[in-house]
Amino acid sequence: MDIRRGGQEILLNGLALVLVGLIWGLVAPHTPYPRLALGAHLQFEFNGLLLIVMAALLLKFDHAVGPKSLLVMRLSAWLTWPMALSEVANSWWGTKDILPLAARQAEAGGGQPWQEATVALTHISAGLCLIAAWALLVAAFARNATPTASCLRQSD
């Protein structure tokens with residue numbers, strides 16, 4: 001897949017995450033654990049914006065992102081969905097292991113072992129992939145960073 005198509009795919013995922021997060025914000029107060037539902041809302045919004053920024057960087061600026069790096073970035077967009085959706089489910093489950101601060105604020109007592117494992121697996125996999133994607137993006141921009149004549153003139 002070329003950078004343009006990959007960037008557009010990441011952009012679409014980001015835009016859709018923001019939209020779903022806005023809609024979820026209407027439902028969040030009506031869940032058994034609204035504080036955890038707020039966390040899901042924020043996950044949708046922040047990660048959606050993060051993916052929009054990633055896509056904009058890929059589509060509008062010169063960089064050295066290769067096909068394997070692009071695959072990791074696309075994978076991070078895909079894995080963001082199960083992570084955010086696990087937080088939606090957690091608004092009913094009340095798990096506490098992977099998000100202890102939010103669980104404490106929500107007075108959540110913990111979920112079934114499979115629920116705790118679902119939330120943990122989705123957060124760990126998406127989190128690690130997002131870190132890798134952003135590290136690769138930073139590296140691609142760093143490799144491509146060369147001062148231009150206009151930059152040199154401005155520093156004089």
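Of all helices (runs of 4 or more DSSP H) completely enclosed by the stretch 36-146, which ones contain at least 3 residues that are within 16 Å of the chain's Cα centre (by Cα)?
Values: elements: 67-93, 100-106, 113-144.
Where helices (runs of 4 or more DSSP H) fall fully within the stretch 36-146 and carry at least 3 residues being within 16 Å of the chain's Cα centre (by Cα), they are 67-93, 113-144.
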Any idea which residue in the stretch 41-96 is surrounded by the most Cβ atoms within 10 Å (Cβ to Cβ), counting only those that are under 30 Å from H30 (Cα atoms) and of a type in the set (D, E)? E87
From the set of residues in the stretch 65-75 that are in contact with a Gly (Cβ under 9 Å, 6 or more places away or on another chain) and modelled with pLDDT of 90 or more, which is farthest from A140 (Cα to Cα)? R74
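Yes/no per residue for (1) among the polar types (S, T, N, Q); (2) in contact with a helix residue (DSSP H, G or I) (Cβ under 7 Å, 6 or more places away or on another chain); (3) free of Cβ contacts under 8 Å to residues at least 24 places away in the same chain; (4) under 18 Å from A140 (Cβ atoms):
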| position | (1), (2), (3), (4) |
| --- | --- |
| V18 | no, yes, no, no |
| G25 | no, yes, yes, no |
| A55 | no, yes, no, yes |
| A77 | no, yes, no, yes |
| P82 | no, yes, no, no |
| E87 | no, yes, no, no |
| A106 | no, yes, no, no |
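Is it fair to say H123 is modelled with pLDDT of 95 or more, over 23 Å from Q8 (Cβ atoms), touching a Gly at 6+ places or on another chain (Cβ under 6 Å) and not acidic (D, E)?
Details: modelled with pLDDT of 95 or more: yes; over 23 Å from Q8 (Cβ atoms): yes; touching a Gly at 6+ places or on another chain (Cβ under 6 Å): no; not acidic (D, E): yes.
So H123 fails the test.
What are the residues in the stretch 108-143 that are β-branched (V, I, T) and either closer than 12 Å to G39 by Cβ or in contact with a helix residue (DSSP H, G or I) (Cβ under 7 Å, 6 or more places away or on another chain) (or both), if any? Give the derivation first.
Of all residues in the stretch 108-143, those β-branched (V, I, T) come to 118-119, 122, 124, 131, 138.
Within the stretch 108-143, T118, V119, T122 meet the criteria.
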Pull up the stretch 2-35, narrow it to residues that are part of a helix (DSSP H, G or I) and of a type in the set (V, I, T), then point me to the one that is surrounded by the fewest Cβ atoms within 10 Å (Cβ to Cβ). I23
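Can you find even one residue in the stretch 44-58 that is among the acidic types (D, E) and modelled with pLDDT of 95 or more?
Let us first name the residues in the stretch 44-58 that are among the acidic types (D, E), namely 45.
So of that shortlist, the ones also modelled with pLDDT of 95 or more come out as 45.
Yes: one or more hits.
The values are calculated or read from the model by the stated rules, or taken from the named source; none is laboratory data. Keep in mind it's a predicted model, so treat the numbers as computed, not measured. For neighbour counting, all protein chains shown are included, and Cβ atoms are generated from backbone atoms with ideal geometry for every residue, glycine included.
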